[in-house]
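Here the structure is laid out as structure tokens; the discussion comes afterwards.
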Ligand SMILES: Cc1cc2nc3c(=O)[nH]c(=O)nc-3n(C[C@H](O)[C@H](O)[C@H](O)COP(=O)(O)O)c2cc1C
């Protein structure tokens with residue numbers, strides 16, 4: 001299956017999780033690409049308005065993917081503005097199997113993780129995506145490594161199911 005992972009990551013946490021997912025899926029025989037959103041003019045972490053953020057054109061051709069995986073950090077209890085800017089600029093995701101994950105710092109999912117997932121899910125669903133998996137990594141949790149392994153395993157299970 002052709003799988004594209006597209007992430008926003010400023011300090012590298014989401015990127016690390018994406019690499020783990022990528023390795024896992026590659027080991028299971030899938031064809032993977034991983035792309036990190038590049039913000040034109042660099043990232044201003046105080047900019048919370050997605051309308052004021054422009055993303056460099058992607059190398060990934062989303063239409064060609066069998067499965068799209070989106071990841072980003074939580075920002076101010078919401079999805080990251082850069083990810084929202086990117087998703088807002090997508091024309092359509094008609095029927096595309098899509099997975100979403102976020103990383104965040106606070107110890108409880110209700111401190112941003114759940115609402116960020118909900119926002120990303122809503123934007124993707126409006127564009128016609130078929131959301132088949134979501135996950136949250138709590139960066140400061142002592143069981144973070146187990147969480148990441150379990151997220152990657154969940155993604156792999158759903159990808160195998162989607163391929164069959
Ligand atoms: C401006 C800003 C706002 C943040 N807001 C939240 C938040 O509301 N809830 C939370 O749990 N973490 C918050 N964080 C922490 C990040 O979500 C967390 O460190 C994440 O893993 C960073 O991912 P990255 O390294 O891929 O950029 C915030 C970080 C920044 C820089």
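Every read-out reported here was derived from the displayed coordinates using simple, explicitly stated rules and does not represent laboratory data. Remember, it's a predicted structure, so these values are computed and weren't measured experimentally. Methodologically, a virtual Cβ is constructed for each residue, glycine included, from the backbone with ideal geometry; neighbour enumeration extends over all protein chains shown.
All conditions but one from (1) in a strand (DSSP E or B); (2) in contact (Cβ under 8 Å) with a residue 60 or more places away in the chain apply to residue 74; the one that does not is (2). Scanning the range 132-144 for residues that are under 20 Å from residue 110 (Cα atoms) and either more than 11 Å from the ligand (Cβ to nearest atom) or part of a loop (DSSP other than H, G, I, E, B) (or both) returns 133, 134, 135, 139, 140, 141, 142, 143. Taking the condition of being within 12 Å of residue 124 (Cβ to Cβ) and either within 14 Å of the ligand (Cβ to nearest atom) or in a strand (DSSP E or B) (or both), how many residues in the range 59-71 meet it? Qualifying residue count for the region: 3.
I'm checking my understanding of the structure. Among residues of the range 95-116 that are more than 12 Å from the ligand (Cβ to nearest atom) and not in a loop (DSSP other than H, G, I, E, B), which one is surrounded by the most Cβ atoms within 10 Å (Cβ to Cβ)? Among residues in the range 95-116 that are more than 12 Å from the ligand (Cβ to nearest atom) and not in a loop (DSSP other than H, G, I, E, B), the one surrounded by the most Cβ atoms within 10 Å (Cβ to Cβ) is 100. Scan the range 145-155 and tell me whether some residue there is more than 24 Å from residue 2 (Cβ to Cβ), out of contact with any helix residue (DSSP H, G or I) (no Cβ under 8 Å at 6 or more places or on another chain) and surrounded by 16 or more Cβ atoms within 10 Å (Cβ to Cβ). Within the range 145-155, one or more residues are more than 24 Å from residue 2 (Cβ to Cβ), out of contact with any helix residue (DSSP H, G or I) (no Cβ under 8 Å at 6 or more places or on another chain) and surrounded by 16 or more Cβ atoms within 10 Å (Cβ to Cβ).
When you check residue 92 against the structure, is it in contact (Cβ under 8 Å) with a residue 24 or more places away in the chain, more than 9 Å from the ligand (Cβ to nearest atom) and either in a loop (DSSP other than H, G, I, E, B) or surrounded by 14 or more Cβ atoms within 10 Å (Cβ to Cβ) (or both), yes or no? In short, yes.
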